[in-house]
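Beneath this line is the structure, given in structure tokens, with notes to follow.
Derivation of every value follows stated rules applied to the coordinates shown; laboratory data play no part. As the structure is a prediction and not an experimental result, all values here were calculated from the model. Positions of Cβ are generated from backbone atoms using ideal geometry, with glycine treated the same way; all protein chains shown enter the neighbour counts.
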Amino acid sequence: TRRRFEAVAKALRAEPPESEGWCSAFEFLQMQRLQVQLRPPPMGAAAAHPNAVEPALLNDIDRRLLKECLRVLRRLQQRMALDYQR
């Protein structure tokens, strides 16, 4: 949630633009997940996992945003891992 990212930002002393990126990435991923849940499954298709976002079904812009969101969140994970190793 946004509050959790804000707490992490405070603990890591992250700059506001960086922590806002974390929140935006999380919100984008949540939006994509909810859209998958609202979309009816194709005829004859087996029920897919309700939280699985299929990148091949995204338009070019959403696919690029997804990649950037994953980069932002990977940097956060790496930063947290380094912080806990100290």
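Take the chain, drop everything but the C-alpha atoms, weight them equally and run the Debye formula without solvent; then report log10 I(q)/I(0) at 0.14 Å⁻¹ to two decimals.
-0.59
When only Cα pairs under 8 Å and 6 or more residues apart are kept, what is the percent relative contact order across the chain?
33 percent
If I take R0 = 35 Å and measure r between the Cβ atoms of Glu54 and Lys10 in this structure, what FRET efficiency does the formula 1/(1 + (r/R0)^6) give, to the nearest 0.05? Spell out each step's value before the answer.
Details: r = 35 Å, r/R0 = 1.01.
Between Glu54 and Lys10 the formula returns 0.50.
What is the dipole size for the chain, taken about its Cα centre, with +1 at each Lys and Arg Cβ and -1 at each Asp and Glu Cβ, in debye to the nearest 20?
Taking the Cα centre of the chain as origin, the dipole is about 280 debye.
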